[in-house]
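The structure appears right after this line, and notes come after that.
The values are calculated or read from the model by the stated rules, or taken from the named source; none is laboratory data. Source: prediction; values computed, not measured. All Cβ positions, even for glycine, are placed from backbone atoms using ideal geometry, and neighbour counts span all protein chains on display. These accessible areas exclude ligands, DNA and RNA; they are computed on the full protein's heavy atoms, side chains included. Shrake-Rupley method; radii C 1.70, N 1.55, O 1.52, S 1.80 Å.
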Amino acid sequence: MGGMIIDGTKIGNELREKLKGRIATLKARGKVPGLAVILVGDNPASKVYVRMKEKACESLGIYSEKYALSAQTPQDEVLELIKRLNQDEKIHGILVQLPLPDHFNEELIIESIIPTKDVDGFHPINVGNLMLGKALFQPCTPAGVMELLHSSQIDPKGKNAVVVGRSNIVGKPVAVMLLQEHATVTICHSRTRSLADETRRADILIAAIGKPKMITADMVKEGAVVIDVGVNRLPDGSLVGDVDFEGMKDKVAAITPVPGGVGPMTITMLMANTVKSAELFS
Ligand code: NAP
């Protein structure tokens, strides 16, 4: 018998339905949540993500503004735009699609967003509050991972959670969130000495590496829960995760597919943060 397939599309849609109720309540008070998305340059993946974010706003009735700027846009112009959006009462969330072209200082751009509109949760103030266990906006992908666990009745408390990857947008924050929920957390990365020995101890394994099918069935314990954050495009155009889904789906207790796992949750959590911002600050 195979493990449970954690359906991110379904869980994401259920959450979006709940958000519709909160948006209706806001609208009854004359408030419409608003998200501004800034895209600089023409990175094809970024364009796709921005389009998906716009569509999600449309389908939920969230007001959105898109600023598609050329790759040559001077940094000061983007800083000016953010300054204006920081003060714009229609806008509750500001998202700068990363990566930015090389002449940008990403840290400076992120720090220029007022923390109460930083719905990506990347501003150092929000990162610090996350560490302190009192996050205002949790970063979207890690928050999506936690929602998948909660919706699947998987409680991290007391479990061995192993996170492979230590990036600021996925690995580190998801490790902090698992710790907050009382897991015993191990964080692995490219210098980890014996990765398989670490991953085999995982009751909950989070893969956020960016290497197609790197985590194989022999690296997971029977009955583990596996959350695959990876999105990798193969030469034939297909998308695969960081774990060998087919190879291990019969060995594990639960696993997320790619696509259809973490991906749909990320955008849902962005919508949730925008609604939260409108509820708190408008
Ligand atoms: P990243 O910044 O490139 O970080 C990758 C991490 O994996 C690093 O910490 C790196 O270690 C570690 N790593 C690389 N090779 C390794 C190896 N052989 N053994 C152990 N660890 C290794 O990537 P990211 O931004 O966190 O993203 C990770 C993946 O998630 C990517 O596939 C990305 O596309 C995907 N992603 C998906 C979503 C979504 O919505 N579904 C959102 C964000 C990202 P070092 O730190 O030592 O270099």
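Report, by chain and number, residues whose modeled amide H sits under 5 Å from the one on Ser152, excluding near sequence neighbours (fewer than 5 apart, same chain).
Sorted by chain and number, the residues that satisfy this come to none at all.
If amide H atoms are built 1.01 Å from N in the plane of the peptide, which residues on other chains or at least 5 residues away come under 5 Å of the amide H of Val96?
Correct list: Ile38.
Over the chain, average the accessible area per residue using a 1.4 Å probe and give it in Å², no decimals.
Here the per-residue accessible area is 48 Å².
Run lengths n ≥ 4 of DSSP H only: what is the helix-derived mean residue ellipticity at 222 nm for the chain, with -39500 (n - 2.57) per run over all residues, to the nearest 500?
Estimated from H runs of four or more residues: -13000 deg cm²/dmol.
Taking the dipole about the Cα centre of region 30-114, with the C-beta of Lys and Arg at +1 and of Asp and Glu at -1, give me whichever of Gly61, Leu79, Pro44 is farthest to the positive side.
Among Gly61, Leu79, Pro44, the one farthest towards the positive end of the dipole of region 30-114 is Gly61.
Would you look at the GNM of the chain, springs on alpha carbons closer than 10 Å, and say which of Met177, Met52, Met248 moves the most?
In this elastic network of the chain, the residue with the biggest mean-square fluctuation among Met177, Met52, Met248 is Met52.
Mean-square fluctuation check for the chain, GNM, Cα pairs under 10 Å: which of Ile204, Ile154, Ile215 is largest?
Looking only at Ile204, Ile154, Ile215, the biggest GNM fluctuation is shown by Ile154.
Kindly sort Leu35, Leu69 by accessible area of their heavy atoms, largest first, with the probe set to 1.4 Å.
Final ranking, largest accessible area leading: Leu69, Leu35.
To the nearest 20 Debye, how big is the dipole of the chain about its Cα centre, given +1 on the beta carbon of each Lys and Arg and -1 on that of each Asp and Glu?
Using only the charged Cβ atoms, the result is roughly 600 debye.
Whole Å is fine, so just give me how far the alpha carbon centre of region 223-243 lies from that of region 62-87.
Each part's Cα centre sits 33 Å from the other's.
Less than 17 Å apart at the alpha-carbon level, and either on another chain or at least 8 residues along: which lysines does that give for Lys159?
List returned: Lys221.
Which shape class, rounded, prolate or oblate, goes with region 232-282 when its Cα gyration tensor gives a ≥ b ≥ c as root eigenvalues, a/c under 1.5 marks rounded, and past that a/b bigger than b/c marks prolate?
Oblate shape, in that a/c is at least 1.5 and b/c is the bigger or equal ratio.
With the cut-off at 1.5 for a/c, could you classify region 154-202 from its C-alpha gyration tensor as rounded, prolate or oblate?
Taking the square roots of the gyration eigenvalues as a ≥ b ≥ c, region 154-202 is oblate.
For region 30-114, what does the alpha-carbon gyration tensor say about shape, rounded, prolate or oblate, given a ≥ b ≥ c as the root eigenvalues, a/c under 1.5 as rounded, and a/b over b/c as prolate?
Note, shape of region 30-114 comes out oblate.
Can you pull the semi-axes for the chain, root of five times each eigenvalue of the Cα gyration tensor, sorted largest first, whole Å?
They are 32, 21, 18 Å, listed largest first.
Measure out, as a whole number of angstrom, how far apart the alpha-carbon centroids of region 128-168 and region 267-282 sit.
For region 128-168 versus region 267-282, the Cα centre distance is 18 Å.
When DSSP assigns beta bridges and you keep just the ones with both residues in region 140-262, what percent turn out antiparallel, to the nearest 5?
Bridges in region 140-262 are about 10 percent antiparallel.
Using the Cα centre as the reference, give the magnitude of the dipole from point charges on the C-beta atoms of region 167-251 (Lys, Arg: +1; Asp, Glu: -1; all else neutral), rounded to the nearest 20 debye.
Once rounded to the nearest 20, the dipole reads 300 debye.
Roughly to the nearest percent, how much of the accessible area of region 128-282 is carbon and sulfur, given a 1.4 Å probe?
C and S fraction of accessible area: 52 percent.
Under a 10 Å cutoff between Cα atoms, tell me which one of Phe137, Phe104, Phe122 has the largest fluctuation in the Gaussian network model of the chain.
In the Gaussian network model the winner is Phe104.
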